[in-house]
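Remarks on the structure that follows.
The values are calculated or read from the model by the stated rules, or taken from the named source; none is laboratory data. Owing to the predicted nature of the structure, the values given are computational and were not obtained by experimental measurement. Quick reminder, even Gly has a Cβ in these numbers, built from the backbone with ideal geometry, and neighbours come from all protein chains shown. The area values use the complete protein model at the heavy-atom level, side chains included, leaving out ligands, DNA and RNA. Shrake-Rupley method; radii C 1.70, N 1.55, O 1.52, S 1.80 Å.
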Amino acid sequence: MRIGEKEREEWRTGLDPKIQAVRKLARKYGAHLLAPDGMFAELAATTGPEYCAADGVHPTPAGHTALAAAWLRLVA
């Protein structure tokens with residue numbers, strides 16, 4: 001089941017501060033950081049959002065494959 005727009009807004013409102021905290025910590029400690037929200041947004045623009053996350057949240061096998069490939073590019 002795909003989440004509704006209102007639920008997505010509420011979920012995103014709570015998630016955004018956490019994303020910013022993780023980005024700040026990654027910068028502070030020089031850690032690798034994969035930002036999947038931007039990656040999925042770009043991928044969804046060409047494939048449609050259901051390709052990456054059929055329910056709008058949890059990655060599909062294709063979404064997991066994209067994450068793994070992005071991680072390998074980041075750390076290689």
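In Å², what does the accessible area per residue of the chain work out to with a 1.4 Å probe?
Heavy-atom SASA per residue in the chain reads 74 Å².
On full extension of the chain, what length is gained from Gln20 through Thr46, given 0.36 nm per residue of separation minus the C-alpha to C-alpha distance?
6.7 nm
Where the accessible area of the chain is counted over protein heavy atoms with a 1.4 Å probe, how much of it, in %, is carbon and sulfur?
64
Relative to the Cα centre, what is the charge dipole magnitude of the chain, using +1 at the beta carbon of each Lys and Arg, -1 at the beta carbon of each Asp and Glu, and rounding to the nearest 20 debye?
480
Would you tell me the accessible area of Trp11, worked out with a 1.4 angstrom probe on the heavy atoms of the protein chains, in Å² to the nearest 10?
Solvent-accessible area, nearest 10 Å²: 120 Å².
Counting only residues 5 or more places away or on other chains, whose amide H sits under 5 Å from the amide H of Ala54 once H atoms are built in the peptide plane?
It is Thr60, by chain and number.
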